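Structure first, commentary second.
The values are calculated or read from the model by the stated rules, or taken from the named source; none is laboratory data. The model shown is predicted, which means the values in this text are computed figures rather than measured ones. Virtual Cβ from ideal backbone geometry, glycine too; neighbours counted across all protein chains shown. Surface accessibility is based on the protein's heavy atoms, side chains included, excluding ligands, DNA and RNA. Shrake-Rupley method; radii C 1.70, N 1.55, O 1.52, S 1.80 Å.
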Amino acid sequence: MSKLPNISTSIFTVMSKMAAQYNAINLSQGFPNFPVDERLTDIVAKLAKEIVHQYTPMSGYPSLLLKIAALINTSYGRTVQPETELLVTAGATQAIFTTITALVKNSDEVIILDPSYDCYEAPVLLCNANPVRVALNDDYTPNWEIIEKACTSKTKMIIINNPHNPTGKILTESDFESLEILLEKYPDIILLSDEVYEYITFEEKHISAHTRKKLLNRCVMVSSFGKSFHVTGWKIGYLAAPEYLMKEIKKVHQFLVFSVNSICQIAISEYLDIVSIVEIGKLYQEKRDYFRQLLKDSSFKLMPCEGTYFQVVSYVAISNENDVDFCKRLIVEHGVAAIPISTFYADGKDLKLIRFCFAKDNATLEEAAKRLCAI
Ligand code: PMP
Ligand code: GLN
């Protein structure tokens, strides 16, 4: 008997596999295709010859914990205690899984905002808890009244994802004010803030949960160096949590992985001394603008993109097919892979929207756009 009867293979796996099978340009799963900074790969090559191949301490390589604390301080002016409030994880996925399984109990409710990234629901179900999916507004802003109506005495956690995958929406000052008012009424709810794209925002500045004094004592903030340093395959992420929550989170972490890849942790720690992480926003703003420019005369309608490296488009002027069928046909007939947005909704709502990843070199974006403009 399956413990997760309704969970199927991730759409990212399905679409990437199909893209490879048909030799299509893969703008589906989110990962960069351009080379990693040579300074970072040089550090890895150097480290591979040193004695850094054994376990790091359970919470993370000490110098990396210090650098993450410094990064959070520089970016957001928050002081976190590296030994007690930070944990290095195998990507944001493990940070999220570990947090949920450590803090959520049988029959608790966890509010997830639709459309939502795919890794939140399964750990909730494995806790025998109930995911409560609440729709965002049509413009992907949170509807705080509806979210509040969904809160009950059983609500243990609200998950926010900011900047938002897949829509690229970012939360505003007024969103945080509403969230704070709501949470004041429900003192037992924990906030899980997935901010893996925290450094990829464009016109508007990212507002991190780290900057919200009223939330800090009840918030677990998750990020990933996979996004910030173009190394999604390294699976190095981290979370920040107040000590009383971190104690519980570490109980699970030590038996899930104990510690994570030593060389990659040390490499990132050294790289953080020489790189400016905020530059990444500029790089992706250029990519976003270029990709939008390339698609401007196509039949696709471009949705706003405030952050992340994803561009959502409507194909309503092209086809009436459902978005999954459309994406499959896009691969087979036009050689470009995308992600259907219906898969981010619990009820599979089909709005004729698909998501392209623009974290690609310009030649790839140009060839993809050429094929898309010919449709
Ligand atoms: N959260 C969101 C919103 C994501 O898009 C992703 C994946 N890219 C993750 C979490 C997982 O990050 P990681 O690859 O570091 O596990
Ligand atoms: N976060 C990536 C995306 O949204 C997918 C990562 C994965 O495949 N697990 O495309």
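Please find, within region 28-41, the residue that is farthest from Asn362 (Cα to Cα) out of those that are open to solvent by 90 Å² or more (accessible area, probe 1.4 Å) and not in a loop (DSSP other than H, G, I, E, B).
Arg39
Does region 111-122 contain any residue that is away from ligand 2 (no atom under 16 Å from the Cβ) and more than 18 Å from the chain's Cα centre (by Cα)?
No, that holds for no residue.
I need the full set of residues from region 107-132 which are more than 15 Å from ligand 1 (Cβ to nearest atom), open to solvent by 50 Å² or more (accessible area, probe 1.4 Å), in contact with a helix residue (DSSP H, G or I) (Cβ under 8 Å, 6 or more places away or on another chain) and touching a residue at least 40 places away in the same chain (Cβ under 8 Å), in order please.
Selection gives Leu126 alone.
Scan Val44, Val104, Val80 and give me the residue that is of a type in the set (Val, Ile, Thr), closer than 20 Å to Val257 by Cα, open to solvent by less than 50 Å² (accessible area, probe 1.4 Å) and more than 16 Å from ligand 1 (Cβ to nearest atom).
One residue alone meets the criteria, Val104.
Any chance you could count how many residues in region 10-27 are within 16 Å of ligand 1 (Cβ to nearest atom), assigned to a loop (DSSP other than H, G, I, E, B) and surrounded by fewer than 20 Cβ atoms within 10 Å (Cβ to Cβ)?
Final tally of qualifying residues: 1.
Restricting to region 228-248, count the residues that are farther than 30 Å from Ala45 by Cβ and either buried (at least 23 other Cβ atoms within 10 Å of the Cβ) or within 11 Å of ligand 1 (Cβ to nearest atom) (or both).
3
Consider only pairs whose beta carbons are under 8 Å apart and that are at least six residues apart or on different chains; among these, list those whose first residue lies in region 22-36 and is in contact (Cβ under 8 Å) with a residue 24 or more places away in the chain and more than 18 Å from Arg355 (Cβ to Cβ) and whose second residue is in a loop (DSSP other than H, G, I, E, B) and hydroxyl-bearing (Ser, Thr, Tyr).
Close Cβ pairs satisfying both conditions: none exist.
Please pick out the residue among Lys328, Lys360 that is outside any helix (DSSP H, G or I) and either under 28 Å from Glu121 (Cβ atoms) or open to solvent by less than 30 Å² (accessible area, probe 1.4 Å) (or both).
On inspection, the qualifying residue turns out to be Lys360.
Only one of (1) of a type outside the set (A, V, I, L, M); (2) farther than 22 Å from Thr308 by Cα; (3) part of a loop (DSSP other than H, G, I, E, B); (4) touching a residue at least 24 places away in the same chain (Cβ under 8 Å) is not met by Ser153, so which one is it?
Among (1) of a type outside the set (A, V, I, L, M); (2) farther than 22 Å from Thr308 by Cα; (3) part of a loop (DSSP other than H, G, I, E, B); (4) touching a residue at least 24 places away in the same chain (Cβ under 8 Å), the lone unmet condition for Ser153 is (4).
With (1) closer than 30 Å to Glu109 by Cα; (2) among the charged types (D, E, K, R); (3) more than 16 Å from ligand 2 (Cβ to nearest atom); (4) modelled with pLDDT under 95 as the list, and Glu279 as the residue in question, which single condition is left unmet?
(1)
Would you tally the residues in region 188-211 being surrounded by fewer than 19 Cβ atoms within 10 Å (Cβ to Cβ), in a loop (DSSP other than H, G, I, E, B) and in contact (Cβ under 8 Å) with a residue 12 or more places away in the chain?
So the count comes out to 4.
Considering only region 83-101, state which residues are more than 11 Å from ligand 1 (Cβ to nearest atom) and open to solvent by 20 Å² or more (accessible area, probe 1.4 Å).
Glu83, Thr84, Glu85, Thr101
How many of the residues making up region 162-174 are out of contact with any helix residue (DSSP H, G or I) (no Cβ under 7 Å at 6 or more places or on another chain) and crowded, with 17+ Cβ neighbours inside 10 Å?
9
Restricting attention to region 137-156, which residues are open to solvent by 20 Å² or more (accessible area, probe 1.4 Å) and within 18 Å of the chain's Cα centre (by Cα)?
Residues satisfying the conditions are Tyr140, Thr141.
For Lys17, are the conditions met, namely being out of contact with any His (no Cβ under 7 Å at 6 or more places or on another chain), within 16 Å of ligand 2 (Cβ to nearest atom) and not hydroxyl-bearing (Ser, Thr, Tyr)?
yes
Which residue out of Asp323, Asp347, Asp361 is under 20 Å from Ile200 (Cα atoms), away from ligand 1 (no atom under 16 Å from the Cβ) and under 24 Å from the mean Cα position of the chain (by Cα)?
Among Asp323, Asp347, Asp361, only Asp361 is under 20 Å from Ile200 (Cα atoms), away from ligand 1 (no atom under 16 Å from the Cβ) and under 24 Å from the mean Cα position of the chain (by Cα).
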